[in-house]
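Report on one structure; see the data block that follows.
The values are calculated or read from the model by the stated rules, or taken from the named source; none is laboratory data. Values in this document were obtained by computation on a predicted structure and should not be read as measured data. Cβ atoms come from the backbone with ideal geometry, glycine included; neighbour counts cover every protein chain shown.
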Amino acid sequence: TREHILLARQVGVPALVVYLNKVDMVDDPELLDLVELEVRELLSKYEFPGDEIPIVKGSALAALEGRDEEMGKKSIEALMQAVDDYIPQPDRPKDKPFLMP
């Protein structure tokens, strides 16, 4: 996680959404809250708005396997909604020639 946040900062990623995966393997909700707090502190340390960035908790494996709809499918839907709501659409000039890098 630390490396991903650092890399995002170094390459100039302007906005992030965090998916806290594998929550189905943790029985204690307080532990999940502690992990979320640590992730927010880490985001703030690397100059991201840690208190504002959406953090979605879920289980990608549960979504793939079609079990535990709340932690699986619904968490993926919540993640995509957070991406749609929080990540701004890039400004793409349409009046200029197409340039492919």
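Look at the range 22-35: where a residue is under 19 Å from Ala60 (Cβ atoms) and a partner is at pLDDT below 95 and of a type in the set (Asp, Glu), sitting 6+ places away or on another chain with Cβ atoms under 9 Å, you get Asp24/Asp68.
Being among the aromatic types (Phe, Trp, Tyr) and assigned to a loop (DSSP other than H, G, I, E, B), is that true of even one residue in the range 77-99? Checked against the condition, which is being among the aromatic types (Phe, Trp, Tyr) and assigned to a loop (DSSP other than H, G, I, E, B), the range 77-99 yields at least one hit.
Inclusion of Val56 among residues that are at pLDDT 95 or above, of a type in the set (A, V, I, L, M, F, W, C), surrounded by 11 or more Cβ atoms within 10 Å (Cβ to Cβ) and in contact with a Ser or Thr (Cβ under 8 Å, 6 or more places away or on another chain) is warranted. For the range 1-28, the tally of residues that are within 19 Å of Leu79 (Cβ to Cβ) and in a helix (DSSP H, G or I) stands at 6. Of the residues making up the range 50-74, those that are in contact (Cβ under 8 Å) with a residue 24 or more places away in the chain and part of a helix (DSSP H, G or I) are Ala60, Leu61, Ala62.
Taking the conditions exactly as written (at positive phi and without any contact (Cβ under 8 Å) to a residue 40 or more places away in the chain), does Glu47 satisfy them or not? For Glu47, the condition - at positive phi and without any contact (Cβ under 8 Å) to a residue 40 or more places away in the chain - is met.
Could you tell me how many of the residues in the range 1-31 are closer than 29 Å to Glu65 by Cα, loosely packed, with under 15 Cβ neighbours inside 10 Å and over 15 Å from the mean Cα position of the chain (by Cα)? Count: 7. Could you tell me whether Leu42 is in contact with a Lys or Arg (Cβ under 7 Å, 6 or more places away or on another chain), modelled with pLDDT of 95 or more and either of a type in the set (D, E, K, R) or outside any loop (DSSP other than H, G, I, E, B) (or both)? In short, yes. Among residues of the range 76-101 that are without any contact (Cβ under 8 Å) to a residue 40 or more places away in the chain, those with a beta-carbon under 8 Å from a residue that is in a loop (DSSP other than H, G, I, E, B) and surrounded by 10 or more Cβ atoms within 10 Å (Cβ to Cβ) at least six positions away or on a different chain give the pairs Ile76/Gly58; Ala78/Gly58; Asp85/Pro54.
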